[in-house]
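Trainee: The structure follows.
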Amino acid sequence: MLASLSRFQALAVTLAIVLLAVFSLTIRPAPQGGAAITGDGTYSDVRLYKDIAGALAGGEDYYHAATRLHRAHGFPTRPFFTVRLPTLAWIEAELGWKATQGLLAGLLAAAALAWFAMLRPLASAPERVGATFLILAGGAMVAGADLVVTHELWAGVLVALATALLVRGLWLPAVIAIAGALAIRELALPFAFVAALWALKDGRRREVFAWIALLSVYAVALYLHRQAVMPLSQQGDALSQGWGGMRGAAAPFQDIAEVTLINLLPKPLAYLAALLALVGFLGAPTALARLALPWLAAIAVLLAVFARPVNFYWAILVTPTVMAGLAFLPRLVLDLVHALRRRPAP
């Protein structure tokens with residue numbers, strides 16, 4: 001993306017990256033709310049979602065089970081979207097834990113292979129291998145048996161798969177993948193909008209109609225979900241504290257480092273690595289960068305502006321994708337050096 005920059009533009013980009021790098025090294029570690037949010041302080045959301053799936057496997061209706069368990073352990077039932085869509089619980093109840101984990105691992109493997117195939121005509125062999133490995137490393141959470149209940153992880157893996165499919169021009173399978181992501185977690189919506197806007201800009205009318213159809217059906221699904229939750233929500237139920245965290249620019253670096261293998265690095269080097277993973281997509285092939293960068297930026301804004309400290313796990317939405325940016329850092333550096341050495345036009 002940066003190979004055609006003027007010297008002035010390249011200097012501005014380089015300066016911005018340097019300033020962000022210095023900023024990342026000044027970030028202090030922030031205490032997180034444990035492995036995940038908790039309702040009454042002793043009962044994690046991982047346990048909540050496992051118990052909901054267990055109740056479904058025992059024959060209980062999803063909405064009665066979910067609101068009952070939310071209420072019993074101090075989790076909010078209002079607004080309605082604090083109660084997750086039932087899709088993942090249905091899958092878990094139907095397949096069982098081992099098969100569900102196997103399905104998630106299979107999706108991650110499919111995403112990694114799709115990235116390798118997608119990059120074959122666009123990137124060098126080291127970049128292809130590096131990005132593929134980093135997709136797998138980014139999704140390493142699938143190895144945790146308890147984390148199979150994490151809605152953001154499923155959505156993030158499906159977004160990573162859809163990204164590779166869209167770059168290859170396989171828009172119908174990509175729409176299906178994003179439909180799956182949305183059915184599990186509504187925070188995948190920014191990617192659907194990004195994909196629809198690029199399809200509109202490129203004049204791909206059939207694809208535009210497909211995205212509009214998906215978003216329309218999803219709006220109806222959310223309405224029906226609301227209609228199912230609200231009658232079961234009681235006056236004394238916990239109310240969400242809202243999403244106005246205003247945690248600032250440090251939050252995306254902190255949260256991405258927290259939920260990826262980057263956390264193996266000492267702080268603040270981990271925050272610098274998170275930054276480099278994000279900016280690495282500036283060096284990615286254009287067809288990939290124009291999808292990945294707006295998606296990553298949207299989640300970064302959510303983390304910086306809306307997420308409270310206990311919502312750090314929203315960063316899991318980008319974990320299968322974000323680390324792949326590290327594979328394109330050498331190309332980014334070379335592009336910037338080339339642009340900086342370019343002589344001004346006479």
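The values are calculated or read from the model by the stated rules, or taken from the named source; none is laboratory data. The structure presented is a predicted model; accordingly, all values stated were derived computationally and were not measured. FYI the Cβ positions are ideal-geometry reconstructions off the backbone, even for glycines, and counts take in every protein chain you see. Heavy atoms of the whole protein, side chains included, go into the accessibility calculation; ligands, DNA and RNA do not. Shrake-Rupley method; radii C 1.70, N 1.55, O 1.52, S 1.80 Å.
Trainee: Between the stretch 130-158 and the stretch 63-108, what's the alpha-carbon centroid distance in Å?
Mentor: 17 Å
Trainee: Which of 128, 28, 331 moves the most in a Gaussian network model of the chain with Cα springs under 10 Å?
Mentor: 28
Trainee: Next question. At 7 Å along Cα-to-Cβ for each site, give me the label-to-label distance between residue 213 and residue 201 in nm.
Mentor: Computed distance between label sites residue 213 and residue 201 equals 2.5 nm.
Trainee: Could you work out the relative contact order of the chain? I mean the mean sequence separation of Cα pairs under 8 Å and 6+ apart, divided by the number of residues, in percent.
Mentor: So the answer I get is 28 percent.
Trainee: Where does the chain land at 222 nm, in deg cm²/dmol rounded to the nearest 500, when only DSSP H runs of n ≥ 4 count, each adding -39500 (n - 2.57), divided by all residues?
Mentor: Only helices count here, giving -19500 deg cm²/dmol.
Trainee: Further, regarding this structure: Who wins for biggest fluctuation among 45, 146, 61 in a Gaussian network model of the chain, springs between alpha carbons below 10 Å?
Mentor: 61
Trainee: Using a 1.4 angstrom probe, figure out how much accessible area the chain has per residue, in square angstrom, rounded to the nearest whole.
Mentor: Here the residues of the chain average 45 Å² of exposed surface.
Trainee: Taking only Cα atoms, what is the 0 to 90° angle, nearest 10, from helix 62-72's long axis to the longest principal axis of the chain?
Mentor: Value to nearest ten degrees: 90.
Trainee: Hey, in the GNM for the chain with a 10 angstrom Cα cutoff, which one of 101, 234, 254 fluctuates hardest?
Mentor: 234
Trainee: Show me the chymotrypsin sites (Phe, Trp or Tyr not before Pro) within the stretch 243-278 that DSSP assigns to loop and that have at most 15 other Cβ atoms within 10 Å of their Cβ.
Mentor: Counting only loop positions with at most 15 other Cβ atoms within 10 Å, the chymotrypsin sites (Phe, Trp or Tyr not before Pro) in the stretch 243-278 are 243.
Trainee: Also, quick follow-up: Using the Karplus equation 6.51 cos²θ - 1.76 cosθ + 1.60 (θ = phi - 60°), what ³J(HN,Hα) coupling, rounded to whole Hz, does each residue of the stretch 245-257 give in order, writing x for Gly and Pro?
Mentor: With the stated coefficients, the stretch 245-257 comes to x, 6, 7, x, 5, 6, 4, x, 5, 4, 6, 5, 4 Hz.
Trainee: Can you tell me how much longer the chain between residue 246 and residue 310 gets when fully stretched, taken as 0.36 nm per residue apart minus their C-alpha distance, in nm with one decimal?
Mentor: 21.8 nm
Trainee: What's the FRET efficiency of residue 15 with residue 170 using the Cβ-Cβ distance as r and R₀ = 25 Å, to the nearest 0.05?
Mentor: Once the sixth-power term is evaluated, E becomes 0.05.
Trainee: Output needed for the stretch 191-302: three equivalent-ellipsoid semi-axes, defined as square roots of 5 times the C-alpha gyration tensor eigenvalues, in descending order, whole Å.
Mentor: In descending order the semi-axes read 31, 27, 10 Å.
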